[in-house]
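All remarks here apply to the structure that follows.
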Amino acid sequence: MAERSTAAVDVADNSGDEPLTAKADQSTSDGVAQDRERDTYGGEAQGSGGAERPGKASSPELHSGHKLARRYRLEECVTRLDGFSSWRAVDEKLRRAVGVHILPADHVRARSVLAAARSSALLGDPRFVQVLDAVEENDLVYVVHEWLPDAVELTTLLATGPLEAHDAYQMVTQVSQAMAAAHREGLAHLRLNPGTVLRTSSGQWRIRGLAVNAALRGIGSDTPQRTDTEAIGALLYAALTQRWPYEDDAYGLSGLPKGVGLIAPDQVRAGVHRGLSELTMRALANDGATASRHESPCTTPEELVKAIGEMPRIRPPEPTFTAPPEYQRTTYQQGTYGHPTPRPGVTPPVTVPPPPLQSRTGRALKWAVSALLIAALGLGSWQLAEALMDNGKHQNSNQTHTTDGNEKNGNKVTPAKPMTIQAAREYVASGDAQAPGDVKNTYDGDSSTYWRTKRYEAGPKLAPYKPGVGIVYDLGSARTISTGSIGLRYPGSHTTVHLYATDSLTPSTGVDGMTEIGTATTSGTSLTVKATKALKTQYVLLWITDVPMAPTDGYSGAGYKQAITDVKFTG
């Protein structure tokens, strides 16, 4: 049980890089200021919250554009703490994005970081984010690893709800098998959490930071296999329930109610798969208790793999097919549909058509009908020509008069049309996420719901604490935006909002690499950003760089903060 704070309650790593933790002062309900460890990306340590402060520790003075080994160009600092930093970079030799951890060669953990990185690289298991290079050069130690722009963290996936049973089964199976393979080679993770487990676009699960994450932070364990097994159990618990299996909140997830202890996932949420609930309890450190108290606990990833293998396989849900729309049958189909197919050797009956009108009366009747048809056609043609002439006169009249201000001299002015937002995701350039689970509240049509920032102790400009905070919106297809209307929760001097065109819900470049659509500033609770030029884009980043001083409310104390209630785009 003593390991829990190391493996399962530790702060999350996020983004394509492993973000490092920073200290922040937190005001608790009784007014006592506490220091809590916080993630730079992907949420807080359990129980953390409140105002953000910059990291207190120093790190090598590097900057965007700096090159390591004349090859790795630093692009964006993910975090900076305790003498080391993490960056998104570009390998100019292979023309690909990479992540880089950097620390001074004389750092107390420099030797252990190099050893951990080289051991991880030798494993070569594709289920882990690969270490590409580990170098000591010019008084610096740096570790280069893969950057997976198409991968999504479990933290992000759980922001919208728990996983389906099959997805959770696949996750725990692949993570357990990967960690069992690592432990067979003498490697442990010790920091498995929802921020280090990623799902790629192909549906495969990958693990980031094997050995290196723990070495960067000086974390160890006397029972590494038990530590990693408990962490896998916590991951499965979160995937099934969207809750963290301890009392404190963590990784954007709510903890369990105070004083109830560790309860099985199927008692937390209805409809949880019973077998997975049982497996979760066997993996967690809970004095050997399981959902039914009949199964022995799993204390190593290998035992967890064996337990998964003994379960009935959970199959993916059956795909649902939509019946094609009804179609109009042709005359041929209408004449034959429903008639029985003749048996072989049986001659089908021949339908004899009625005889034509051959008598004198019949011929007279045909001539009369023909004359009526000709007369009707003539009358119809005359009426059609008259209607066309009247319509032409009406159109000419419209071209010479302005009717409602939208037409003049025949040139139509298309009125602005509202755009439907298909999806959205919080964008984190550096530091912690704000409230990823509340993003949908900004376009749900309900002004009483909102997405909010954290509380900051200085402002209105967020820098240097953060370059900004914001949300990327998906319009479904490339559209030309004319205006963005934003509803705000807090008035005051002042809020500044920028709109940028970007390439996806998870942009491949920083804000500096995006094209700005427009910007605006307000001291009220509504803001309209007008486009400065015509620009087509499917994805729009709403980026807030300045927030006003706001009073204490039910979410946080007084400080610099803002919340978005409604977002609408027209074009």
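Bear in mind that the values in this text are calculations on the coordinates, not laboratory data. Predicted, not measured: the structure shown is a model, and the values here were computed from it. Glycine also receives a Cβ, built like all others from the backbone with ideal geometry; neighbour counts cover every protein chain displayed.
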Using the Kirkwood formula on the Cα atoms of the range 450-565, what hydrodynamic radius do you get, in angstrom to one decimal?
14.5 Å
Output the pairs from K440/K561; K440/K533; K417/K561; K67/K454; K454/K568 with a Cα-Cα distance over 26 Å in this structure; if there are none, say none.
K440/K533; K417/K561; K67/K454
Counting pairs of alpha carbon atoms under 8 Å apart in space and at least six apart in sequence, what relative contact order in percent does the range 455-571 give?
43 percent
From the phi angles alone, apply the Karplus equation (6.51, -1.76, 1.60; θ = phi - 60°) to the range 295-307 and give each ³J(HN,Hα) in whole Hz, x where the residue is Gly or Pro.
9, 6, x, 9, 10, 9, x, 5, 5, 5, 4, 5, 5
Going by average Cβ neighbours within 10 Å, how do the peptides 88-97, 297-306, 128-137 rank, with the highest at the top?
297-306, 128-137, 88-97
The answer for the per residue Cα convex hull volume of the range 105-152, in Å³, is 84 Å³
Spin-label model distance (nm) - V108 vs E318, 7 Å beyond Cα toward Cβ:
6.1 nm
Percent RCO, i.e. relative contact order, over the range 136-220, from Cα pairs under 8 Å lying at least 6 residues apart:
32 percent
HN-Hα J couplings of the range 132-137 from phi, Karplus 6.51/-1.76/1.60, θ = phi - 60°, integer Hz, Gly and Pro as x?
9, 7, 9, 9, 10, 7
How large is ³J(HN,Hα), in whole Hz, for each residue of the range 140-146 in order, when computed from phi with the Karplus curve 6.51 cos²θ - 1.76 cosθ + 1.60 and θ = phi - 60°, using x for Gly and Pro?
10, 10, 9, 10, 9, 9, 4
